[in-house]
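Participant: This is the structure I want to talk about, given as structure tokens.
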Amino acid sequence: MDPTKKRVAIVGAGPSGLAACKHLLAKGFLPVVFESAAGVGGVWRRTLATTRLQTPASAYRFSDFPWPADNAAAAAAADGMFPRHDQVLEYLSAYARRFGVMERVRFGCKVLAASYVGDATEPEMESWERWSGNGEAFGDGTGEWHLTVRHGGEPASTQTHRFDFLILCIGRYGAPKLPTFPHGRGPEVFRGRVLHSMEYAAMAHEDAAELVRGKRVAVVGAGKSAMDIVAQCAEANGSRYPCTMVYRSAHWMVDPKVARRVNFFTFTSARWTELMVHKPGEGFMLSLLATILTPLRWAMSKVTEAYYKRSIPMSEHGMVPDCGFDQASLGWRLGILPEGFYSMVDEGSIELRRCASVAGLSADGLVLDNADGSGEPAVAGADVVILSTGFDIDRPLRNMFTSPWFAEIISSDGDAVLPLYRHILHPRIPQLAVVGYAESGSSIYPYEMMAKWVAHLLAGAVRLPPAGVRDMERGAAEWARWGAAARRRCGGHFLKSCVASVTTWYHDQLCRDMGYSPRRKDGLLAELLEPYGPTDYAGIQ
């Protein structure tokens with residue numbers, strides 16, 4: 001096979017799209033990357049002015065590309081600090097320039113729809129025994145993807161492009177999840193402006209600052225983006241116009257100074273810590289060992305929890321999470337506090353309002369049900385309401401397909417996980433890979449591992465299971481059952497399709513598929529005790 005003759009499309013030039021393009025180029029392919037924005041970086045191009053990494057830079061990097069020495073974030077990485085969004089964006093741009101990715105990206109090109117065209121019909125695909133009909137990445141050569149692409153410029157134009165293989169790298173944060181309100185209690189009755197955090201983050205920094213300056217701002221939510229927005233508004237307006245954070249339950253958010261003293265990422269990325277958790281597809285002995293060690297993990301988490309509670313004034317501000325630290329770490333419901341967050345609460349720049357739910361909006365602000373369920377609903381006065389209510393991670397995938405059948409099998413019932421084999425391939429959708437659907441503690445190098453796996457698949461070096469679709473569906477279902485069990489153990493505090501607590505286990509599967517040893521350390525003790533990180537996988541090309 002001549003890889004230069006195969007037409008491969010990548011949708012998205014965020015971290016996963018850049019990694020996919022880089023590793024396909026290394027295999028001799030000449031992919032085309034469609035990116036709707038004017039540059040690379042994905043969500044890092046449209047984020048808050050104050051956004052920083054949630055993990056140390058030493059963990060957030062590609063395996064074969066360190067932070068450039070002349071980048072200010074390199075020094076921060078050495079200290080275990082968290083670089084700013086602009087430093088991350090420059091790192092991603094440098095990676096794209098270094099490996100020739102920039103030349104393959106078509107900027108200002110938005111993929112509106114994807115349609116699979118070929119001899120196979122949808123009923124035939126449903127009855128396939130082997131993926132793509134024959135178990136090959138490119139099928140039998142009769143099927144292709146037609147992409148409807150809107151090209152920027154004046155005037156904008158729409159064209160159809162044909163490809164032999166499609167890689168979707170559209171991330172998890174492309175569609176807002178908006179709350180529903182009763183009739184007469186929606187945004188239409190509010191005198192001010194209501195927007196989702198995604199829309200606010202996408203604004204130019206000057207416009208975002210102007211929107212909130214001198215106004216009463218209410219932010220709904222208590223996750224990382226909510227706290228960043230609240231802190232940014234508090235810095236802009238001070239105690240004269242305090243920003244109100246409305247939340248139902250708090251999250252485990254760690255002060256960056258405390259996080260630097262306790263390197264949680266190092267603790268969770270070693271094999272010995274993974275022995276304490278159940279893993280998908282584990283044998284009897286590993287399952288027994290995880291059960292035996294569960295009390296040890298619980299005790300260690302309780303010690304960490306007590307330390308954080310003592311170091312961070314959560315209790316006095318009513319911000320102790322409902323879930324334990326053990327549950328939050330298993331489901332990766334963790335984040336880094338904005339600098340000086342509780343100091344701004346103390347000085348009156350931030351008001352914390354806990355409630356049972358947001359009942360809706362009135363002309364003057366948010367209508368809140370009391371947390372204890374007693375009394376009349378309260379009103380949190382506001383001129384601007386920002387809904388930091390999360391994202392619908394399946395909707396961008398679902399809306400991509402023109403085929404109702406494809407869209408239907410992508411659809412889920414809310415908590416269900418999209419059944420992807422190796423978190424990459426759907427057993428019933430041919431010649432298509434998804435990179436970046438699964439969440440992890442440090443997303444950039446797990447996404448790179450997915451990209452390497454896809455490049456090996458297209459080059460013929462990864463062989464799919466011999467039993468074909470049935471084995472792929474069993475593998476996907478195994479991870480889905482594990483995720484469902486983890487959500488039960490975490491009391492619902494578990495990110496959808498999250499591999500954070502078993503990242504090394506997941507990478508072991510990908511390594512074996514690609515023909516590499518999953519054991520990347522020198523010696524048994526190092527393999528067991530030393531944390532795994534991006535550089536351990538640098539030799540996989």
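The values are calculated or read from the model by the stated rules, or taken from the named source; none is laboratory data. Just so it is clear, the structure is predicted and the values come from calculations on it, not from any experiment. A quick note on method: Cβ atoms are made from the backbone with ideal geometry, for glycine too, and the neighbour counts reach across all protein chains shown. We work out accessible area using only protein heavy atoms, side chains counted, and drop any ligands, DNA or RNA first. Shrake-Rupley method; radii C 1.70, N 1.55, O 1.52, S 1.80 Å.
Participant: Find the centroid of the Cα atoms in region 488-541 and in region 88-112, then give the distance between the two in whole Å.
Facilitator: 27
Participant: With a 1.4 Å probe and all protein chains left in place, how much accessible area per residue does the chain have, in Å²?
Facilitator: Normalised by residue count, the accessible surface of the chain is 42 Å².
Participant: Still on this structure: If you take the charge dipole of the chain about its Cα centre, with +1 on Lys and Arg Cβ and -1 on Asp and Glu Cβ, which of T4, T535, Y308 is farthest toward its positive end?
Facilitator: T535
Participant: For the chain, what proportion of DSSP beta bridges, expressed in % and rounded to the nearest 5, is antiparallel?
Facilitator: In the chain, DSSP labels about 45 percent of beta bridges as antiparallel.
Participant: Please give the peptides 458-465, 525-532, 176-183 ranked by average Cβ packing (other Cβ atoms within 10 Å per residue), highest first, as a rough proxy for protection.
Facilitator: By packing density, highest mean first, the sequence is 458-465, 525-532, 176-183.
Participant: Rounded to the nearest 20 Debye, what is the dipole magnitude of the chain about its Cα centre when Lys and Arg each give +1 and Asp and Glu each give -1 at the C-beta?
Facilitator: Roughly 520 debye, rounded to the nearest 20.
Participant: Give me the number: length gained by fully extending R353 to K5, i.e. 0.36 nm times residue separation minus the C-alpha to C-alpha distance, one decimal in nm.
Facilitator: 119.3 nm is the gain from fully extending R353 to K5.
Participant: Can you find, among T50, V117, G365, the residue farthest towards the positive end of the dipole of the chain? Put +1 on the C-beta of Lys and Arg, -1 on that of Asp and Glu.
Facilitator: Final value for the positive-end residue is T50.
Participant: Where a ≥ b ≥ c are the square roots of the eigenvalues of the C-alpha gyration tensor, would you call region 239-338 rounded, which needs a/c under 1.5, or, failing that, prolate if a/b is larger than b/c, or oblate?
Facilitator: prolate
Participant: Moving to a separate point now. Under 16 Å from a point 7 Å along the Cα-to-Cβ line of R106: which residues of region 164-182 have their amide N that close?
Facilitator: Residues 164-169 fall inside that zone.
Participant: Hey, another quick one. Evaluate E = 1/(1 + (r/R0)^6) for R248 and R519, where r is the Cβ-Cβ distance and R0 equals 35 Å; express this FRET efficiency to the nearest 0.05.
Facilitator: Calculated value: 0.20.
Participant: With all protein chains present, how much of the accessible area of the chain (probe radius 1.4 Å) comes from carbon and sulfur, to the nearest whole percent?
Facilitator: So the carbon and sulfur contribution to the accessible surface is 52 percent.
Participant: Compute the normalised compactness of region 435-506: alpha-carbon radius of gyration over 2.2 N^0.38 Å, N being the residue count.
Facilitator: For region 435-506, the normalised Cα radius of gyration is 1.23.
Participant: Could I ask something else about it? Given the peptides 227-233, 123-129, arrange them by the average over their residues of other C-beta atoms within 10 Å, most packed first.
Facilitator: Taking the mean over residues of other Cβ atoms within 10 Å, the ranking is 227-233, 123-129.
Participant: What is the extension gain from N399 to T50, computed as 0.36 nm multiplied by their sequence separation minus the C-alpha to C-alpha distance, in nm to one decimal?
Facilitator: Roughly 122.5 nm would be gained on extension.
Participant: Here is a further query. How far is it, in nm, from the label point at S287 to the one at E129 when both lie 7 Å from their Cα along the line to the Cβ?
Facilitator: 3.0
Participant: For labels at R463 and E316 in the simple 7 Å Cα→Cβ model, what's the distance in nm?
Facilitator: In this crude label model, R463 to E316 measures out at 6.5 nm.
Participant: Taking R0 as 51 Å, what FRET efficiency do you get between R213 and Y307 from their Cβ-Cβ distance, rounded to the nearest 0.05?
Facilitator: Approximately 0.85, to the nearest 0.05.
Participant: Based on the Cβ-Cβ distance of V117 and R97, what FRET efficiency does E = 1/(1 + (r/R0)^6) give at R0 = 35 Å, to the nearest 0.05?
Facilitator: With R0 = 35 Å, the Cβ-Cβ based efficiency is 0.50.
Participant: Let me ask something else. Please give the contour-minus-distance gain from E199 to A484: 0.36 nm per residue of separation, less the Cα-Cα distance, rounded to one decimal in nm.
Facilitator: Going from the current span to full extension adds 99.5 nm.
Participant: Would you work out the relative contact order for the chain, in percent, from Cα pairs under 8 angstrom that are 6 or more residues apart?
Facilitator: Contact order relative to length: 21 percent.
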